[in-house]
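Structure, as structure tokens:
The values are calculated or read from the model by the stated rules, or taken from the named source; none is laboratory data. Since the structure is predicted, the reported quantities are computational estimates derived from the model, not experimental observations. Because the Cβ atoms are built from the backbone with ideal geometry, glycine has one as well, and the counts that use them run over all protein chains shown. Just so you know, the surface numbers come from the protein's heavy atoms only, side chains and all, with ligands and any DNA or RNA stripped out. Shrake-Rupley method; radii C 1.70, N 1.55, O 1.52, S 1.80 Å.
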Amino acid sequence: VGLVYMFNLIVGTGALTMPKAFAMAGWLVSLVLLTFLGFMSYMTTTFVVEAMAAANAQLRWKRMEKRKDDEDEDSSSGVSDSDVLLQDGYERAETRPILSVQRRGSPNIFEITERVEMGQMASMFFNKVGVNLFYFCIIIYLYGDLAIYAAAVPVSLMQVTCSATGNRSCSVGDGTKYNDTDKCWGPIRRIDAYRLYLAAFTLLLGPFTFFNVQKTKYLQIMTSLMRWIAFILMIILALIRISKGQAEGHPSMAQLSGIRNLFGVCVYSFMCQHSLPSLITPISKKKHVNKLVLLDYILILAFYSLLSFTAIYCFRNDTLMDMYTLNFTNCKIINVAFIRYFLGLFPVFTISTNFPIIAVTLRNNWKTLFHREGGTYPWVVDRIVFPAITLIPPVLVAFCTHDLESLVGITGAYAGNGIQYLIPAFLAYCSRKDTQLVFGSGTVNKHLSPFRHTFWIVFVLIWGFSCFVFVTANIVLSESKL
């Protein structure tokens, strides 16, 4: 179940922008880069699992030390041992996952039984500067996420509704290129329609940022089902079109100019490191967790390759849309109106359910960053200021641009790079140092990464920093050409 959740978490919005990024960079370059980035993401996933085990060991050790001190005090104050044992047993049962409570015998000190989020791990293993940099990176990534979501929904609505009028009712995916200044309905231009939809989206979903979002289980189940129906439909429809000899795509092998966006899209599409504590902790038997996660990554890589290859051979490069679902709103591809509208509006349904959850997560990260021990925020700051600084910037970005490929590319290439490569590598390095200091150099973490040699950490760090330089240089060069 944990691995199904991980699959669902990774295969999200990024996958919808991947086909166009594949087409722009060339199929061979894309396949090599996708495989390499999948391998890098798997490596840093094992680093996070190792750091989670080290954090659990440290917390368990501190509790044992505290218990010893309390027992010494209790023995002098006359509290019975049985009272201490009963209370201790109750606390352990409350903090452990339900499945592991039944197990007998004392657990290994590195057993992952307590959920330790990345922010908590950062505060345990990093210094103050490192903790602030961690939160800065997470916040920038979540802002990028919200900007992508805020742009994707109005873009889909604009493309579907503007093309559903007059004699253009089937022309979204037919290769006709529309400018933002083209008419949509009467005097209203396409860009005006986009901004009207953005305003409606903000008014409908923005207020959730000011409250807590809870009990979303059924919403998430519905979203997952819709996602899988949409992805499978797109793959089948593209395969049918290719098998009938109606394929129009002639992708090149390599185009270096498209690598920057492809890199960002691929990093964004393999993102799961920040959610690993919630996914891995409830799994009862974690002995083979790294092998099972590897299987997950292989399946995801195969799925991304299938989706992208069917797309680039089915459609010409210049007709592939930023949001791949919009290619299927053309009558020539599918003449069933319901399927056309379902795929065209698919991002509207799925992204709208995720937007409030991401917004609340970002708001809480802002609160944690500025939190001081024992301090509380005034009501206005807590209920108005934090939600406002969460909601306004991504909406402004979406108002200024709806270039989804660039938004995904930049978010993945910068903040995604930090969360997926740099933070896990530093967590692994610092947790190993702390473990040796606390438990001695001979202690072995049972969840030690298969990439245990320091070379791999150095390799990930060099790769991460060189990606920053490469992407920045590419942006500067492409801007100077313009």
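What does the accessible area per residue of the chain come to in Å², with a 1.4 Å probe and no ligands, DNA or RNA counted?
About 48 Å² of surface per residue is accessible.
What percentage of the solvent-accessible surface of the chain, computed with a 1.4 Å probe over protein heavy atoms, is contributed by carbon and sulfur atoms?
65
Given +1 on the Cβ of Lys and Arg, -1 on the Cβ of Asp and Glu, and no further charges, what dipole in debye does the chain carry about its Cα centre, rounded to the nearest 20?
Around 1140 debye, computed over the chain.
What size of dipole, in debye to the nearest 20, comes out for the stretch 240-360 about its Cα centre when the only charges are +1 on Lys and Arg C-beta atoms and -1 on Asp and Glu C-beta atoms?
The dipole magnitude comes to about 380 debye.
Using Cα pairs closer than 8 Å and at least 6 residues apart in sequence, work out the relative contact order for the chain, in percent.
Relative contact order comes out at 36 percent.
Greater than 32 Å separation of Cα atoms is the criterion. Which listed pairs, 66/285; 20/244; 183/367, meet it?
183/367
Relative contact order (percent) for the stretch 219-376, with alpha-carbon contacts under 8 angstrom and 6 or more residues of separation?
Dividing the mean separation by the residue count of the stretch 219-376 yields 40 percent.
Sequence gap at least 6, Cα distance under 8 Å: using those rules, report the relative contact order of the stretch 254-346 to the nearest whole percent.
Once divided by the residue count of the stretch 254-346, the mean separation gives 13 percent.
Among 304, 337, 259, whose Cα projects farthest towards the positive end of the dipole of the chain, with charges put on the beta-carbon of Lys, Arg (+1) and Asp, Glu (-1)?
The residue sitting most towards the positive pole is 337.
If you take the charge dipole of the chain about its Cα centre, with +1 on Lys and Arg Cβ and -1 on Asp and Glu Cβ, which of 110, 206, 347 is farthest toward its positive end?
It is 347, whose Cα lies furthest towards the positive end.
With everything on Cα atoms, drop me the angle between helix 259-269 and the longest principal axis of the chain, reported from 0 to 90° to the nearest 10.
Here the helix axis deviates by roughly 50 degrees.
Hey, of (1) 22.2; (2) 24.4; (3) 25.4, which did the structure itself give for Kirkwood radius over Cα pairs in Å when calculated?
Among (1) 22.2; (2) 24.4; (3) 25.4, the one derived from this structure is (2).
Once the Cβ-Cβ distance between residue 136 and residue 357 is put in as r, and R0 is 25 Å, what FRET efficiency do you end up with, to the nearest 0.05?
The formula returns an efficiency of 0.75 here.
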